[in-house]
Amino acid sequence: MRRAALALVIASLVPIAGVVKAVAEPPSSVPTYVARTLPFVEGFEPFRVALGDLNGDGRLDIAVCGTTLEHGAVRIYLAQTNGDYTTHDLEVPLSPRGIALADLDGDGHLDLVTANNRGLSVSIFPGDGKGGFGARKDIPLQRNPFAILADDVDADGRMDLVAVGEVGVVGLLYGRGGFDFDPWILHDQPYGTSDVIALDVDGDGHRDFVVPNWREGKILVLWNRGKRHVYPGLLTSYDGTGAFGSRAGARRGWEPSRTGRVGARKWGTVDGGSARALTTPAIGTRDGMTSGRGAGRMTGRF
């Protein structure tokens with residue numbers, strides 16, 4: 001099996017040691033972009049990336065999950081002062097598809113969470129603040145988890161977990177403190193849920209959860225009303241004719257990418273106003289943009 005590698009594009013105002021510039025020298029007002037290719041675990045295919053300062057040195061480190069047909073792994077890349085990385089690997093259940101870094105137990109150190117698709121579980125690795133991790137804790141989720149995030153959903157000061165399962169589910173784990181959680185609260189959805197981001201869509205002070213569905217070609221918003229009142233809205237078409245909370249709009253012969261990742265831009269006030277906008281990748285030649293109209297209402301442009 002050929003050796004997999006993780007390709008990174010790093011923006012920098014100065015050259016990085018040992019790296020060849022990937023583009024000609026730009027105007028002084030434009031950052032220089034350089035490319036690094038980092039080796040991944042031998043024989044494994046990398047899937048998703050999380051960034052965070054794992055050892056408190058002020059530099060961003062990298063955590064990447066990947067898999068073979070028989071094993072799952074996470075490779076940790078600890079950034080060094082010379083621009084290089086030292087690495088170590090963690091064994092995880094089969095086919096990790098989602099990864100997140102967050103301080104789950106409030107000790108000031110980032111912990112690692114993976115969503116293990118074929119492993120049918122979510123795994124937690126306690127961070128030691130030095131770039132290492134303690135013993136793994138697995139939480140079963142029999143719905144092919146595909147993405148994960150950590151957020152204080154109910155604003156009680158404890159971190160919670162939100163996972164999506166590819167077979168069609170959004171699950172919430174409310175934290176009890178430390179690495180203990182209440183049982184899963186599951187919201188069933190059509191097959192194809194594949195990612196999740198958290199943002200206060202309607203401006204009520206509570207972060208909602210946006211979930212793309214690659215098979216349906218639609219977006220789901222789980223509205224967060226506080227005090228653990230989280231409920232799914234109706235699926236909204238990507239084609240730009242509907243608004244969140246409506247079924248308006250028909251597909252036009254294309255669908256979101258198979259990975260279902262919400263774009264790197266994710267959210268921003270692209271039109272200069274206070275409402276937000278969401279970008280989603282698509283198979284074909286166009287990206288989709290769903291623009292906020294305020295109060296949780298959206299319109300689309302493609």
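Which fully enclosed strands (runs of 3 or more DSSP E) of the stretch 187-228 have 1 or more residues being modelled with pLDDT of 95 or more and buried (at least 21 other Cβ atoms within 10 Å of the Cβ)? Before the answer, list the steps.
Details: elements: 197-199, 208-213, 218-224.
The qualifying strands (runs of 3 or more DSSP E) are 208-213, 218-224.
Collect the residues in the stretch 141-158 that are part of a loop (DSSP other than H, G, I, E, B), open to solvent by less than 20 Å² (accessible area, probe 1.4 Å) and closer than 15 Å to Thr114 by Cβ, keeping them in residue-number order.
If we filter the stretch 141-158 for residues that are part of a loop (DSSP other than H, G, I, E, B), which is where we start, we get 141-144, 152-158.
Next, only the ones that are open to solvent by less than 20 Å² (accessible area, probe 1.4 Å) stay: 141, 153.
Correct list: Leu141 only.
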With the requirement that a residue be open to solvent by less than 10 Å² (accessible area, probe 1.4 Å) and not in a loop (DSSP other than H, G, I, E, B), what does the stretch 159-186 give you?
Asp160, Leu161, Val162, Ala163, Val164, Gly165, Val169, Val170, Gly171, Leu172, Leu173, Gly175
When you scan the stretch 46-69, how many residues do you find that are in a loop (DSSP other than H, G, I, E, B) and over 18 Å from Gly108 (Cβ atoms)?
2
Turns out the strands (runs of 3 or more DSSP E) fully within the stretch 70-115 with at least 1 residues that are over 22 Å from Thr37 (Cβ atoms), basic (Lys, Arg) and touching a strand residue (DSSP E or B) at 6+ places or on another chain (Cβ under 7 Å) are 96-102
Report whether or not Val49 is surrounded by 21 or more Cβ atoms within 10 Å (Cβ to Cβ) and closer than 30 Å to Arg176 by Cβ.
no
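Take Pro212 and tell me if it is touching a residue at least 60 places away in the same chain (Cβ under 8 Å) and over 28 Å from Asp107 (Cα atoms). Talk me through it step by step, then tell me what you get.
Values: touching a residue at least 60 places away in the same chain (Cβ under 8 Å): yes; over 28 Å from Asp107 (Cα atoms): yes.
So Pro212 passes the test.
The values are calculated or read from the model by the stated rules, or taken from the named source; none is laboratory data. Not measured: the values here are computed from a predicted model. So basically every Cβ, Gly included, is an ideal-geometry build from the backbone, and we count neighbours across all protein chains shown. Each accessible area value is taken on the protein alone, full model and side chains, heavy atoms only, with ligands, DNA and RNA left out. Shrake-Rupley method; radii C 1.70, N 1.55, O 1.52, S 1.80 Å.
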